[in-house]
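S.K.: Got a structure for you, questions after.
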Amino acid sequence: MAETHRTKMLIMGSGPAGLSAAIYGARAGLEPIVVQGLQPGGQLTITTDVENYPGYRDVIQGPWLMEEMQAQAEKVGTRTIFDTIVDVDFSKRPFRLIGDGGDIYEGDTLVIATGAQAKWLGVPGEEELGGKGVSACATCDGFFYRGKKVVVIGGGNTAVEEALYMTNHSDDVTLIHRRDSLRAEKILQDRLLSNPKISVMWNKTVEKFVGGGDPEGLVGVDLVDTQTGEKSHLAADGAFVAIGHAPATEVFKDHLDLIDGGYIAVEPGTPKTEIPGLFACGDVMDHVYRQAVTAAGTGCMAALDAERFLAEEEFALMAAE
Ligand code: NDP
C-alpha cells in the first residue's frame, strides 16, 4: 500500500551531492530522507578507478566510494529509500514528490541532487570498451593515458578543455569534430589550435570504437567523413567522448526555472533556487566543474542553507507568537 513519508529535509538523488547533503542534514538533526532514484550512488557507480577524491592516497573504486558515502549518511541518521519520482508539487510546502508506486514524500525543505549523465555517441564498441579506453571524463581518467595516443570527440567547450587537459599527459592528442568549425569559446579555440600536441580532424564522426589486445582495450576508432563519406581508421589508446551532458531534470520542467539546456537555475554561488526552501546541488545545477568533490561541496552548502532556512523560519514563528 502506498505510504506517505515526511521529513524536515527531503533529498532527491544519491550521488556525492545528495549524500553529502544527507550527512550534514542528519548531523543537524533534520532526519533526512534520500530518495535514491534509478542509479543509486550516481555516476561514480559506473566509474572504476578514482584517484582525485581527496582523502585516499591509493586508487579507490567509484562504487566502493559511493557505498561508503551511503553507509556514512545512514550511520548518522539518514533514511535511504529506492524509488523513482514521477511527479512533483512545489506549489506549496511541504514540497511533495510522488514515487512511481504511489508513495508520497513530503519535505519541509527539498534538496535536488539528481545529477547529469554524459551523452554518448551510441556507436558500436562504445559501451563494451567503457573503462577500457573509452571514457566521458578526461579529468577523471586522463591520467591513465600517460604517454599514450588519445582522441577527444566533440567541438564544444568541454571537448576543447579536455583536449587541452590531455596535453598534460600525452603529446599526441587528436580532436575529432563533426563540422569544420568549433562551438567552443574563441579563447579556448585559440589555445587548442596553437597547441603543437593537438591536431584536429574536421568533418569526421566516429562510426565505431575498435577493441583489441589482451586484455582487450581500445586500439582505435573507425571514422567517416561527413562531407565525402570516406572511411578511415585512426589508432588510439584512449578516446574521450565530450559531446555534452544531459541533466536529470525532466520531471521538474514545468515546476522550476531551467537554463542552459535543462540545468536548474540557482542564485550564483549558492544552491538556492527561486523557490525558498528548495535547493539544487551537484551536476544538476553545475555544468562547469562536474566533479565528485565539487558535487559533495555544493551538497554540503545545500544542507547548511536548508538548516538555516528552517531555523530562520522557526525564529520568525516564535517572534510572531
Ligand atoms: P556543447 O553542447 O556546447 O557541445 C557539444 C559538442 O559536441 C558540439 O560541438 C557538438 O557538435 C558535438 N556533438 C553533439 N552531439 C554529437 C554527436 N552525436 N556526434 C558528434 N558530435 C556531437 O557541450 P559542452 O559539454 O561542450 O558544453 C555544455 C555547456 O557547458 C556549454 O554551455 C559550455 O559553454 C559550458 N561549459 C563551460 C565551460 C567553461 O566555461 N570553462 C567548460 C565546459 C562547458 P556541433 O558543434 O556540431 O553541434
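Read the figures in this text as sums done on the coordinates, not as results from a lab. Keep in mind that what you see is a predicted model, and the values were worked out from it rather than measured. Here the Cβ positions follow ideal geometry from the backbone for every residue, glycine too, while neighbour counts run over all protein chains shown.
S.K.: Just to check I understand the Karplus step: with θ = phi - 60° and J = 6.51 cos²θ - 1.76 cosθ + 1.60, what whole-Hz values come out for the range 127-135, glycine and proline as x?
M.R.: Ordered by residue, 3J(HN,Hα) equals 5, 4, 9, x, x, 10, x, 10, 9 Hz.
S.K.: Near the amide H of Val50, under 5 Å away, which other amide H atoms are found, from residues 5 or more places off or on another chain, if H is placed in the peptide plane?
M.R.: Ile60, Gln61, Gly62
S.K.: How would you rank Cys140, Cys281, going from fewest to most other Cβ atoms within 10 Å of each one's own Cβ?
M.R.: Working: Cys140 23, Cys281 34.
Ordered from fewest to most neighbouring Cβ atoms within 10 Å, Cys140, Cys281 come out as Cys140, Cys281.
S.K.: Do the alpha carbons of any pairs in Lys204/Lys253; Lys148/Lys204; Lys8/Lys119; Lys148/Lys186 sit beyond 26 Å of each other, and which pairs? Can you show the working numbers first?
M.R.: Details: Lys204/Lys253 34 Å; Lys148/Lys204 21 Å; Lys8/Lys119 34 Å; Lys148/Lys186 28 Å.
Correct reply: Lys204/Lys253; Lys8/Lys119; Lys148/Lys186.
S.K.: A further question on this structure: How large is the convex hull of the C-alpha atoms of the chain per residue, in Å³?
M.R.: Convex hull of Cα atoms, per residue: 155 Å³.
S.K.: Could you work out the percent of alpha carbon pairs in the range 121-242 separated by over 21 Å, rounded to a whole number? Could the numbers behind the result be given before it?
M.R.: Details: 2309 of 7381 pairs.
That tail contains 31 percent of the Cα-Cα pairs.
S.K.: Under a 5 Å amide H to amide H cut-off, with H placed in plane at 1.01 Å, what residues pair with Glu207 once short-range neighbours are removed?
M.R.: Asp222, Leu223, Val224
S.K.: Please report the net charge: other residues with Cβ closer than 12 Å to the Cβ of Gly41, K and R +1, D and E -1.
M.R.: Values: positive: none; negative: Glu67, Glu68.
Here the charged neighbours net out to -2.
S.K.: Would you please give the residues with an amide H less than 5 Å from that of Val152, counting only those at least 5 places away or on a separate chain, with H modeled from the backbone geometry?
M.R.: Residues meeting the amide H criterion: Thr174, Leu175, Ile176, Phe240.
S.K.: What does the charge count around Leu218 come to, taking other residues whose C-beta lies under 13 Å from its C-beta (Lys +1, Arg +1, Asp -1, Glu -1)? Walk me through the intermediate numbers first.
M.R.: Working: positive: Lys132, Lys148, Lys149, Lys208; negative: Glu126, Glu127, Glu128, Asp141, Glu216, Asp222, Asp237.
Once all neighbours under 13 Å are counted, the net charge is -3.
S.K.: Is the shape of the range 152-218 rounded, prolate or oblate, going by the alpha carbon gyration tensor and its root eigenvalues a ≥ b ≥ c, with a/c under 1.5 for rounded and a/b larger than b/c for prolate?
M.R.: Details: a/c = 2.52, a/b = 1.52, b/c = 1.66.
Since a/c reaches 1.5 but b/c is at least a/b, the shape of the range 152-218 is classed as oblate.
S.K.: First check a/c for the range 37-125, with a ≥ b ≥ c the square roots of the eigenvalues of its C-alpha gyration tensor; if it is under 1.5, answer rounded, and if not, answer prolate when a/b is larger than b/c or oblate otherwise. Intermediate results must be reported in sequence, preceding the final value.
M.R.: Numbers: a/c = 2.59, a/b = 1.47, b/c = 1.77.
Oblate is the answer for the range 37-125, as a/c is 1.5 or above yet b/c matches or exceeds a/b.
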